[in-house]
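Quick notes on the structure that follows.
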There are 2 protein chains.
Amino acid sequence: MTTLSPPLVEPIRVGVALSDRSYDILIGRGLIASAGAEIARRLPRVRAAIVSDRNVGGLYSADLSRVLNAAGIGSVAVEVEPGEGTKNFANLEHVVRAVLAARLERGDVVIALGGGVVGDLAGFAAAIVRRGMRFVQLPTSLLAQVDSSVGGKTGINTPEGKNLVGAFHQPSLVIADTGVLDTLPPRELRAGYAEVAKYGLIDDPGFFAWLEANWRGVFSGGPEREHAVATSCRAKARVVAADEHETGERALLNLGHTFGHALEAATGYSQRLVHGEGVAIGMVLAHRFSARMNLASPDDAARVTAHLAGVGLPTELADIEGTLPDADGLMALIAQDKKVSRGTLTFILTHGVGKAFIAKDVPPAAVRDFLADSL
Amino acid sequence: MTTLSPPLVEPIRVGVALSDRSYDILIGRGLIASAGAEIARRLPRVRAAIVSDRNVGGLYSADLSRVLNAAGIGSVAVEVEPGEGTKNFANLEHVVRAVLAARLERGDVVIALGGGVVGDLAGFAAAIVRRGMRFVQLPTSLLAQVDSSVGGKTGINTPEGKNLVGAFHQPSLVIADTGVLDTLPPRELRAGYAEVAKYGLIDDPGFFAWLEANWRGVFSGGPEREHAVATSCRAKARVVAADEHETGERALLNLGHTFGHALEAATGYSQRLVHGEGVAIGMVLAHRFSARMNLASPDDAARVTAHLAGVGLPTELADIEGTLPDADGLMALIAQDKKVSRGTLTFILTHGVGKAFIAKDVPPAAVRDFLADSL
């Protein structure tokens with residue numbers, strides 16, 4: 001158990017506008033300490049199941065239970081193992097049955113206390129217990145705070161692929177306590193930062209330039225961190241509000257992800273390459289491929305590479321330890337990705353920093369040749 | 001394989017109005033023969049997974065595959081074991097992974113060919129593969145045609161209870177081939193009939209009176225059968241359109257179900273008491289309890305009992321083979337049912353035939369005493 005410092009300043013509030021399922025994202029240092037009050041204010045008289053992994057749960061679960069209790073919210077704790085391997089059917093059943101065993105009702109709440117794995121798993125459980133319970137996210141990694149906790153995508157992996165099974169299930173509230181990032185392993189913080197940079201690269205060149213100048217504050221925990229998280233959440237909330245079920249514009253959030261997912265699959269979803277690192281390399285590849293297709297200047301690709309490498313992220317296929325499949329092998333993994341529509345490849349390409357777009361008919365042969373030259 | 005007779009008359013079309021998720025229910029004899037054309041017309045260029053159980057699949061799966069193929073729809077078959085025990089996490093994973101292994105995409109379709117078990121399981125799989133695929137119901141039992149295939153409730157059971165895990169996922173089309181009911185075991189046909197009678201008891205006294213006069217034609221396969229199925233579907237569609245996610249009026253469909261579920265649980269969801277039989281006894285109990293609470297005339301309870309017993313359905317607790325729990329044991333099972341809201345009991349009670357209503361604050365002690373006197 002740690003000692004929680006109460007928040008010193010008002011949290012930043014970012015609204016996600018989804019008509020009757022609209023919700024707030026609260027961002028600030030020390031917010032776990034006020035989580036009970038914030039939840040109780042929005043969801044009166046609920047009971048809760050706190051889903052967490054052994055690592056994060058050990059740090060914060062007892063504290064969270066205490067502040068919930070102080071706000072009149074009784075809770076049970078459900079623990080899973082840390083790591084991407086946890087996102088499977090067996091753990092889904094485990095969490096679902098623990099929530100049922102606690103006799104929680106439809107109006108009660110599942111709280112995901114952890115990173116993206118816990119958020120995706122607990123959110124999916126909340127989506128299917130009694131055909132949909134309430135759900136609150138307390139993301140404890142940078143990746144989860146700026147990406148996976150916002151937007152309602154939940155799910156698990158199967159041997160057929162990542163996140164191929166799940167539900168759209170919006171939380172009632174997201175509480176991003178930026179203070180918990182202080183204890184995050186540096187590699188994980190960097191991996192999350194790749195998704196922060198992504199929002200600049202998609203459509204906000206000013207934010208990307210701001211990150212180039214201010215990234216050190218994001219890492220060291222200055223007020224730049226809250227600004228970066230809030231700007232990212234605002235960007236994601238805007239896209240999600242416009243396209244909740246990813247029928248169009250929301251696909252822009254996959255910038256770097258088609259290449260990235262293939263690389264994650266190629267490395268067995270192991271510590272050889274974590275998700276954000278795959279996205280970092282994927283974004284560099286997307287910019288370079290766009291330049292090669294004469295869609296963007298090579299200078300933009302170089303600028304993206306320089307910034308991501310500057311913060312310590314991998315940017316080259318050669319940065320991945322061990323051997324990779326050849327270009328055909330990577331193409332097979334790309335084709336397996338769920339962002340395939342009726343046989344044509346959809347990629348997020350770019351006209352330059354902050355000018356990403358959805359390209360629906362990318363010739364697979366051009367991608368293959370590009371990968372062959374990049375390996 | 002059987003030989004399919006093509007439909008002789010135009011099917012009856014019942015629309016379910018759910019804005020952008022509206023869909024048709026087609027009702028008629030021989031409709032499996034035109035299923036390929038009907039699906040292809042509404043969902044051009046899809047591929048399909050046909051989910052069925054060994055019994056129903058053996059009769060119709062090859063035929064369905066052939067008519068789909070004739071309409072340009074390629075399909076794979078996924079088989080599960082017959083019986084309520086199939087609705088579990090292991091089979092959900094089995095169906096989900098079979099659909100993924102067939103490389104079906106979001107726009108492709110899962111077809112549930114079978115009774116309520118197959119429909120609930122396949123529908124839930126369709127709801128969660130790629131966060132939601134298309135879904136077509138081909139219900140082959142009377143129960144599924146008039147109840148479970150309409151309305152979008154999908155799900156599985158866990159040791160904690162029935163249907164506690166699932167999703168609301170509307171089909172794109174329901175095709176109710178009334179001819180397939182000819183080969184249904186009489187006991188199963190009777191069980192489904194309990195749900196038909198329910199629609200009369202909820203709010204359509206004229207339909208209940210029609211059933212009292214015409215039930216033999218429903219069982220023997222005269223045109224009364226299509227009329228009864230269509231009237232039932234229209235009633236359910238009306239309620240579902242008004243309250244898709246069961247926040248209000250939809251609860252009326254649970255007439256007889258709170259008692260019924262408790263009895264099913266008490267008999268271990270076995271062949272001692274199938275679902276529709278539990279509903280039949282449950283509806284009789286709901287009418288008798290309403291009379292005891294001076295809400296309705298005892299004559300209505302007697303009339304309901306006479307009709308259900310007349311078609312051969314059980315109507316008394318004594319009609320259930322073997323021993324039952326005592327009143328306290330049954331109350332514990334009722335409390336476990338998901339239609340519990342914050343500790344108070346919600347029952348569907350009635351002011352008489354066709355006058356059911358939602359009673360939110362039923363005193364548990366009164367129910368307990370009533371059960372003690374009924375045992």
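The values are calculated or read from the model by the stated rules, or taken from the named source; none is laboratory data. Bear in mind that the values here come from a model prediction, so they are computed numbers and not experimental data. Don't worry about glycine lacking a Cβ; one is built from the backbone with ideal geometry, like all the others, and counts go over all protein chains shown. When the accessible area is computed, the model is the full protein with side chains, heavy atoms only, and any ligands, DNA or RNA have been set aside. Shrake-Rupley method; radii C 1.70, N 1.55, O 1.52, S 1.80 Å.
What the table below lists for this structure:
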read-out: Qualifying residue in the stretch B:118-137 (condition: surrounded by fewer than 24 Cβ atoms within 10 Å (Cβ to Cβ), more than 8 Å from chain A (Cβ to nearest Cβ) and free of Cβ contacts under 8 Å to residues at least 24 places away in the same chain); value: no
read-out: Top-ranked residue of the stretch A:138-174 - restricted to ones that are among the β-branched types (Val, Ile, Thr) and within 11 Å of another protein chain (Cβ to nearest Cβ), ranked as farthest from A:GLY28 (Cα to Cα); value: A:THR158
read-out: Subset of the stretch A:40-58 that is over 22 Å from the mean Cα position of the chain (by Cα) and of a type in the set (A, V, I, L, M, F, W, C) - its residue that is most open to solvent (accessible area, probe 1.4 Å); value: A:ALA40
read-out: Elements of type helices (runs of 4 or more DSSP H) contained in the stretch A:271-343, each with 3 or more residues being within 14 Å of chain B (Cβ to nearest Cβ); value: A:327-336
read-out: Residue count for the stretch B:67-83, restricted to those that are open to solvent by 20 Å² or more (accessible area, probe 1.4 Å) and either without any contact (Cβ under 8 Å) to a residue 12 or more places away in the chain or within 18 Å of B:ALA102 (Cα to Cα) (or both); value: 7
read-out: Per-region count, the stretch B:44-73, residues among the hydrophobic types (A, V, I, L, M, F, W, C), outside any helix (DSSP H, G or I) and farther than 15 Å from B:VAL95 by Cβ; value: 3
read-out: Filter result for A:SER297 (within 25 Å of A:ALA365 (Cβ to Cβ), in contact (Cβ under 8 Å) with a residue 40 or more places away in the chain and surrounded by 22 or more Cβ atoms within 10 Å (Cβ to Cβ)); value: no
read-out: B:HIS245 vs. criteria open to solvent by 30 Å² or more (accessible area, probe 1.4 Å), touching a strand residue (DSSP E or B) at 6+ places or on another chain (Cβ under 7 Å), closer than 27 Å to B:GLN336 by Cα and not hydroxyl-bearing (Ser, Thr, Tyr); value: yes
read-out: In the stretch B:359-375, residue modelled with the highest pLDDT [restricted to those that are open to solvent by less than 50 Å² (accessible area, probe 1.4 Å) and assigned to a strand (DSSP E or B)]; value: B:ALA359
read-out: Single condition A:GLU84 does not satisfy, out of (1) closer than 25 Å to A:LEU263 by Cβ; (2) within 14 Å of chain B (Cβ to nearest Cβ); value: (2)
read-out: Conditions (1) open to solvent by 20 Å² or more (accessible area, probe 1.4 Å); (2) free of Cβ contacts under 8 Å to residues at least 60 places away in the same chain: number failed by B:GLY36; value: (1)
read-out: When residues of the stretch A:300-336 are limited to those that are farther than 22 Å from A:GLU188 by Cβ and of a type in the set (Val, Ile, Thr), the one least open to solvent (accessible area, probe 1.4 Å); value: A:ILE334
